[in-house]
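In what follows, a structure is listed as structure tokens, so that the remarks can point back to it.
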Amino acid sequence: MARARAQDEFTRPTGTVLGRGFTINAAQVIGAEAESMRLDGVIHGNIEMDGVLNLGETGRVEGDILAESARIAGAVHGSIQCRFALHLTDTAEVTGDILTETLIIDKGAVLHGRCQTSAAPGGAVSSLTYATASA
């Protein structure tokens, strides 16, 4: 049942797209919508959103990610915390710690860090706060 819910997390409509070739330098990028964001560019700063982050192969995040769920195909240099599910595709490269309820790692994905999967009694990761990524 948890696996089915995790897959459903990735089917939300895309509300925001940051295309290839775009770079955002910010202390924090906040998305209040419960939709998803497609990122093929670069963000230097933390991302906090209520929806799903879809990081494409050309996408890169230099900061921490806090989201309901995320599918990572690009590079992340920071911690990732997802309330429900995190999917690292075969092209993902993550340098940082992971905390999520459900973790899916495809063959070929690279993870340099620690990961913890745990569910609270209510079915979600109990504490979602920014963690400091070890660089």
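Please work out if Val61 is under 18 Å from Ala26 (Cβ atoms) and either part of a loop (DSSP other than H, G, I, E, B) or within 11 Å of the chain's Cα centre (by Cα) (or both).
Details: under 18 Å from Ala26 (Cβ atoms): yes; either part of a loop (DSSP other than H, G, I, E, B) or within 11 Å of the chain's Cα centre (by Cα) (or both): yes.
The answer is yes for Val61.
Quick check on region 41-56: of everything there that is out of contact with any Asp or Glu (no Cβ under 8 Å at 6 or more places or on another chain) and surrounded by fewer than 22 Cβ atoms within 10 Å (Cβ to Cβ), which residue is nearest to Ala85 (Cα to Cα)? Filtering region 41-56 for residues that are out of contact with any Asp or Glu (no Cβ under 8 Å at 6 or more places or on another chain) and surrounded by fewer than 22 Cβ atoms within 10 Å (Cβ to Cβ), the one nearest to Ala85 (Cα to Cα) comes out as Glu48.
Only the coordinates and a few stated rules stand behind these numbers; no lab work does. Quantities reported herein were computed from a predicted structural model and do not represent experimental measurements. Quick reminder, even Gly has a Cβ in these numbers, built from the backbone with ideal geometry, and neighbours come from all protein chains shown.
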